[in-house]
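A short write-up of the structure that comes next.
The values are calculated or read from the model by the stated rules, or taken from the named source; none is laboratory data. Treat the numbers as computed from the prediction; the structure is a model and nothing was measured. Cβ placement follows ideal geometry from the backbone for every residue including glycine, while neighbour counts extend to all protein chains displayed. These area figures cover heavy atoms from the full protein model, side chains too; ligands, DNA and RNA do not enter into them. Shrake-Rupley method; radii C 1.70, N 1.55, O 1.52, S 1.80 Å.
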Amino acid sequence: MTELSWKHHAIIQALLSRGPLKEKDFYSMFNGLTGKNPGTDQHKLQEYLLKINKALSFVHLELRRCMNQYDAQVYYGVVNTVSDEQSKLGTKYTVPQIAFYKAIIEAIVQDGTAQGVVSNIDALNFKLDNQVTVASQSQGGQHEVPPALKYFSISQKAKTLDELVQDQWLNLTADGNITLGVKSFLDLRSWFRNNDVPSCHVCNEAGVKAELCQNDACTVRIHHYCLKQLFNRRQAKKVCPSCGNNWQYTLPKEEAIQIEDDTVPGASQPSTRSRGKKRGNDRTLEEDAVGCSNRDEQNEGTGSQHGAGVAQKRRKTARTNDADVNGSGVSQSSSSTSDFRRVTRRSARLM
């Protein structure tokens, strides 16, 4: 068996006790334990995960990474890799509760629109007759529904739903829809494949929440985050990768602005900023001039010599300010140009 250090055990224990962790939280824990940044030292992270999974395989567990298809957040968690009858006994849920959860999962993955939801009202009215059946000896082997499933009430379903949401198997949205929880994405990977759930054309994972090709004869579906990678490239054609039909895809507003900025010449943008700042300074000088004029009128009685000295001093100050404005315009134009070029280079790397 692979020898694990206390750091490996700390990672396993944290995931078992806290449940699935977001990638940023998992990375923060990994950094605190090892002193390594997993974002820049992927080799060290993969080395730890491989060693942990070798040890966990002896007890039929696995540390997995998954994507929440609703919010595109990456999670890490520990799951059971065996689905035999003995492992099913190691759960706090009763047979009717498991049957209710299975009915919800089937309704979500069988949704032809790939929205990945089922309404709360519909779920509470699901009949569990076809989930678990037993053979009746008295009726010549005819199947019948166990009484526990037949009489599983709506109040019991509502209580079960609350428990499944709390344990992250399901999620309840603000508008009363039920979606898959993080644990379902982690645990049901093989179940999705075995039940022929349509997969994403790009990443080949189950397309529970996905966008569909507008061609009715095409069965392609793609996760929204996979669409971003596919279509956000400059000059990428917005067409279905399978049938070539136009794909009606709209970039998020922030990303559309970023791509548009990349097409603007670097020198044109800073000049606009410089002119804007210069106009702002000119307006300030005009206001100062008006203020000076008002003060001159108030101080007319103090003597022409004193007034002339004050006026000469103000003209000198105005010339100094004009020089500052011209100098600052040049420096700001230069810094703005370099800032803009840094932004466009960074955007190109991200795409």
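Data for the structure
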quantity	calculated
Paired Rg and Dmax values of segment 152-211, which use every Cα atom, in angstrom	13.6, 42
For residue 93, residues with placed amide H under 5 Å, excluding near neighbours	none
Pairs from 7/44; 22/51; 22/157; 157/209; 102/183; 36/183 whose Cα-Cα separation, in the structure shown, is over 18 Å	22/51; 22/157; 157/209; 36/183
Probe 1.4 Å - accessible area at residue 187, Å² to nearest ten	50 Å²
Ellipsoid semi-axes in whole angstrom, largest first, where each is sqrt(5λ) of the Cα gyration tensor of segment 1-103	28, 18, 11
Estimated inter-spin distance, residue 18 and residue 165, nm [label 7 Å along Cα→Cβ]	2.4 nm
Summed side-chain charge close to residue 165 - residues other than residue 165 whose Cβ falls under 13 Å, Lys, Arg +1, Asp, Glu -1	0
